[in-house]
Amino acid sequence: MEHPPAKGLMASFALLWCFGDRFRGSPGSIAFAWTSPRPLGVGVDTARHIAFSRPTAVAASMTTPPRQPLPLSAFAAAACVAAAATLRRRARVALAAKGKPQTTSGVRVRKPKNNALRNSSIATFEELTTRKRYEPLCFMYRRKFCRPRGKGIRMATKTGRESGHTSMVSSLMKGPVQHARLYRIIDFGRTKRGMFGTIETIEYDPYRNTRVCLVKYEDGERRFILYALGFFVGQQVIASHDAPVFVGNAMPLDNVPIGTMVHNIEQAPKFGGQIARAAGTSALVLSRDDKYVTIKMPSSEVRMLPKGNWCTVGRVGRPEHCLIKLGKAGKRRQLGFRPHVRGSAKNACDHPHGGGEGRSPIGHKHPKTPYGKCALGLRTARLAKRSLKFILIRRKKKSGRPE
């Protein structure tokens, strides 16, 4: 764990590196000089002063003409301010870690105060720049599938976390939801074309495993976009046909150079980005022809997409999300997932795996779904689906065999 004096010393060195030219060389002051080891056969008075060696404090000579201070460029000043902000942010992360070493940037291991926290890890949230959300683009997203009269909302999904749901009695969820979520409206289509926007903040989004960025455009409108690796506050982004190939800029697939990593790709024109939107994912542009562009999907599938589909250059941020270990079942419940009953623990009338005496096997050659279909390796896509002809190489399993 870093101590406050050490952090202050690092910040002092950063400031000295940026503003050292303002104080160096004034008459009667103590300046920092760099001396090299004395060569053989050379006297002490002939020691040479060179850069990037061990610093020693040497009194400036009164006979030496004063050195003019070098003008500090705006880029160096901005770099100094960014370095100081990074040091402060890392200091807050180290203080929250309470002495526990970090596994990687963005993830820290919890201190084992009890068995549930042992070997568990959480996000550091160090990339966030604000804790306040932009309210005009947030709303309460209520999912109501079936609501009998006088009873609570009955969820039709495995995730029983209803935003703003306060019902105390429900058949699938017993108890109120304690963590309501606000949905952020995200511009997946990047429909603000030909206009530069400035990234104002990097915010947290409870509905996805990556972050979102608030962009203010030249006309004053603000929109949320996905956070990509390399984003920083003050960065300029644009969505245009002739946009430069830089992280965060959106353009059609036909204008992206071969070998570029892209994300938020449209599967059909004017439908918004639907491919490669999860944390740490990206697709690779392989080739192009007159009508289609061949890309490699995050699932290792190689397929063709229309060249007019829009995409965003770069890779989605937070690739370390897959390294987070929840550590206990209660954390899973807080995220909205409810426990499920194994099929082998049910009766034969409720599941194909059920029935039997004691711990009996499932009784089938392959595992099956509750509806009797094959649970592993069954192709669910329709054979007559038109988009299947655009798949050049099917995705591979973790073992490397085609699925």
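The values are calculated or read from the model by the stated rules, or taken from the named source; none is laboratory data. Just so we're clear, the structure is a prediction, and the values are computed from it rather than from any experiment. Quick reminder, even Gly has a Cβ in these numbers, built from the backbone with ideal geometry, and neighbours come from all protein chains shown. Just so you know, the surface numbers come from the protein's heavy atoms only, side chains and all, with ligands and any DNA or RNA stripped out. Shrake-Rupley method; radii C 1.70, N 1.55, O 1.52, S 1.80 Å.
Tell me which residues, restricted to the stretch 320-347, are in a loop (DSSP other than H, G, I, E, B) and open to solvent by 70 Å² or more (accessible area, probe 1.4 Å).
Going residue by residue through the stretch 320-347, those that are in a loop (DSSP other than H, G, I, E, B) are 324-328, 335-336, 338-342, 346-347.
Those that are in a loop (DSSP other than H, G, I, E, B) and open to solvent by 70 Å² or more (accessible area, probe 1.4 Å): 325, 328, 335, 338, 339, 340, 341, 342, 346, 347.
Set side by side, the residues 205, 254 differ, and just one is among the acidic types (Asp, Glu), under 30 Å from residue 323 (Cα atoms) and not in a strand (DSSP E or B), which is 205. Assess whether residue 288 counts as being open to solvent by 10 Å² or more (accessible area, probe 1.4 Å) and either free of Cβ contacts under 8 Å to residues at least 12 places away in the same chain or closer than 29 Å to residue 198 by Cβ (or both). Criteria not met by residue 288. Would the stretch 304-319 turn up any residue that is open to solvent by 10 Å² or more (accessible area, probe 1.4 Å), under 30 Å from residue 375 (Cα atoms) and in contact (Cβ under 8 Å) with a residue 60 or more places away in the chain? Scanning the stretch 304-319, I find at least one residue that is open to solvent by 10 Å² or more (accessible area, probe 1.4 Å), under 30 Å from residue 375 (Cα atoms) and in contact (Cβ under 8 Å) with a residue 60 or more places away in the chain, so the answer is yes.
Can we say residue 360 is open to solvent by less than 50 Å² (accessible area, probe 1.4 Å), modelled with pLDDT under 90 and of a type outside the set (A, V, I, L, M)? Give the derivation first.
Working: open to solvent by less than 50 Å² (accessible area, probe 1.4 Å): yes; modelled with pLDDT under 90: no; of a type outside the set (A, V, I, L, M): yes.
No: the conditions fail for residue 360.
Annotation note: Cβ proximity below 7 Å between a residue of the stretch 104-118 that is within 12 Å of residue 320 (Cβ to Cβ) and a residue that is part of a strand (DSSP E or B) and among the β-branched types (Val, Ile, Thr) (sequence gap 6+ or interchain) occurs for 108/122.
Please go through the stretch 373-395 and pick out each residue that is open to solvent by 100 Å² or more (accessible area, probe 1.4 Å) and either at pLDDT below 90 or over 16 Å from residue 296 (Cα atoms) (or both).
First, pick out the residues of the stretch 373-395 that are open to solvent by 100 Å² or more (accessible area, probe 1.4 Å): 373, 376, 379-380, 382-383, 386, 389, 395.
Correct list: 373, 376, 379, 380, 382, 383, 386, 395.
Applying a threshold of 7 Å to beta carbon distances and a minimum spacing of six or more residues, or different chains, the list of pairs starting in the stretch 249-276 at a residue that is more than 19 Å from residue 290 (Cα to Cα) and ending at one that is among the aromatic types (Phe, Trp, Tyr) reads 250/310; 264/188; 272/188; 273/188.
Applying the condition of being touching an Asp or Glu at 6+ places or on another chain (Cβ under 9 Å) and part of a strand (DSSP E or B) to the stretch 296-314 and asking which residue is farthest from residue 237 (Cα to Cα) yields 304.
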